[in-house]
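Here, each number is a calculation from the coordinates, and none is a lab measurement. Note that the coordinates shown come from a computational prediction; the quantities given were computed from them, not determined experimentally. Every residue, glycine as well, gets a Cβ built from its backbone with ideal geometry; the counts of neighbours run over all protein chains shown.
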2 protein chains.
Amino acid sequence: MPPDFALDDLAVGQRFESATYTVDADEIKAFAARYDPQPFHLDEAAGGASLFGGLVASGWHTAAITMRLMVEGGLPIAGGLIGAGAEIAWPNPTRPGDTLRVQCEVLSVQPSRSRPDRGIVTLRSETRTQRDVVVQTLVCRIVVMRRAG
Amino acid sequence: MPPDFALDDLAVGQRFESATYTVDADEIKAFAARYDPQPFHLDEAAGGASLFGGLVASGWHTAAITMRLMVEGGLPIAGGLIGAGAEIAWPNPTRPGDTLRVQCEVLSVQPSRSRPDRGIVTLRSETRTQRDVVVQTLVCRIVVMRRAG
C-alpha cells in the first residue's frame, strides 16, 4: 500500500491510479438482483434486446467497484474516504469481463475556516475499462485531515 | 405495482413515494467488505471511535438501496430507469436498523429535439429514515420514452 496522504500533502493537479478489478456476469447479476433489478442488468437476452445490446452492470455497481478501487490504494487518504457529495456520470456501461481501473486528479484543496484540523478536497475520477472506455466520471468532495501538529 | 409512466404522463412537481427497506448491521458490513472496506463500515467499535459515533453504511450502499426502492415501484417509469448522470449528497449516514423510503419529485421534462420518441426527465429524490433523517439527496437525469403513436 502507498503511504497515506494528509491535507498538507495534496496539491492541485496531483494524480493517483488504482489497481484493477475484473467484473463477471455473475457479479453483475447478483448486484442487480439485490439493488437494481432491471432486466438489462439481470439477463443476457433481455440486455441484448435493450438499447445496451447486451448484459450491462448497474451504474451503482460501477460506482461501488470504483469506491473499492479507491479505498484499496487508488486514493490513499489518511483517515479514509469520507464523502459529502458527488457528481456522477456513466458515459458507457460496464459489461461482463471488463477490467476496471480508476484514475483520480486533485481539482482543489481548501483548508476549513471553522475547523483548522481539516479541509475539503475536490477530486475528479475516471473509471476506465481495459479498452480505455470511460464507464464513469465522478467529481467528489472529501473531508481530509491535516497532519497533527 | 403502480402503472408505468411515459414521458407524456410526467409533469413538473409530480411526486412519487416508494415502499420501505430496512437495513441491518450484517448487510452494512457485507456491502462494505465487498465495495467500501473502511473500518467505520465494517465494525461497530471502529465506527464508535470514528466521527460517525457508530457503525454506518457506505454512502454507495445507501445509493444502491435507494435505487432498489425506485426500481421496485418508487419511480414507475415505463422501460426502466436509465440514468445518464446524477448529483448525490449524503447529509447523514444510514445506520443499522434504519428503515429507508424514497420520495421523488419531477423537476423538469424535456422532449428530445433529435429523437422524437424520447426525452430527458430530471428528478430530485430524498431518502429518509423512519425518524425522517435525510440520508441521501439525488438529482438525476433519466431517459424516458414517449407513448407509442
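Per the rotation superposing chains B and A, the chain B residue found at the smallest beta carbon distance from the axis is B:87, 2, distance in Å. Plainly put, the tip 7 Å out from Cα toward Cβ on residue A:84 is 2.9 nm from that tip on each other copy, the closest given first. Residue exposure proxy: A:123, B:10, ordered by other Cβ atoms within 10 angstrom of their Cβ from fewest to most, comes out as B:10, A:123. Put in order of Cβ neighbour count within 10 Å, fewest first, the listed residues A:50, A:112, A:125 become A:112, A:50, A:125.
With a cut-off of 13 Å between beta carbons, the residues surrounding residue B:35 carry a summed charge of 0, where Lys and Arg count +1 and Asp and Glu -1.
Orientation-averaged projection of the protein assembly as shown equals 16.5 nm² [convex hull of Cα atoms, one quarter of hull surface area].
Maximal additional length on extending the residue B:14-residue B:51 stretch stands at 9.6 nm, based on 0.36 nm per residue less the C-alpha distance.
Compared with the rule-of-thumb size 2.2 N^0.38 Å for a compact globular protein, chain B has a Cα radius of gyration ratio of 1.16.
Label region B:60-148 by shape, choosing from rounded, prolate and oblate, from the square roots a ≥ b ≥ c of the eigenvalues of the Cα gyration tensor; if a/c is under 1.5 it is rounded, and otherwise prolate applies when a/b is larger than b/c, oblate when it is not.
Numbers: a/c = 2.84, a/b = 2.25, b/c = 1.26.
Prolate, because a/c is 1.5 or more and a/b exceeds b/c.
In this rough spin-label picture, where each label sits 7 Å from Cα along the Cβ direction, the residue B:124-residue A:108 distance is 2.1 nm. Spin-label model, residue A:25/residue B:25: points 7 Å from Cα along the beta carbon direction are separated by 3.9 nm. By the count of neighbouring beta-carbon atoms within 10 Å, fewest first, B:101, B:147 end up ordered B:147, B:101. FRET efficiency for the pair residue A:84 and residue A:43, taken as 1/(1 + (r/R0)^6) with r the Cβ-Cβ distance and R0 = 30 Å, rounds to 0.25.
Let me know the shape class of region A:1-69, please: from the alpha-carbon gyration tensor, a ≥ b ≥ c as square roots of the eigenvalues, rounded when a/c is under 1.5, otherwise prolate if a/b is greater than b/c, or oblate.
On the way: a/c = 3.32, a/b = 2.91, b/c = 1.14.
Judged from the Cα gyration tensor, region A:1-69 comes out prolate (a/c at least 1.5, a/b above b/c).
Across the identical copies, the label point of residue A:27 (7 Å from Cα in the Cβ direction) is separated from its matches by 2.2 nm, in order from shortest. Only the Cβ atoms of Lys and Arg (+1) and of Asp and Glu (-1) were treated as charged; on that basis the dipole of region A:7-145 about its Cα centre amounts to roughly 400 debye.
The same position residue A:11 in the other copies lies at 5.7 nm from this copy, comparing label points 7 Å beyond Cα toward the beta-carbon, shortest first.
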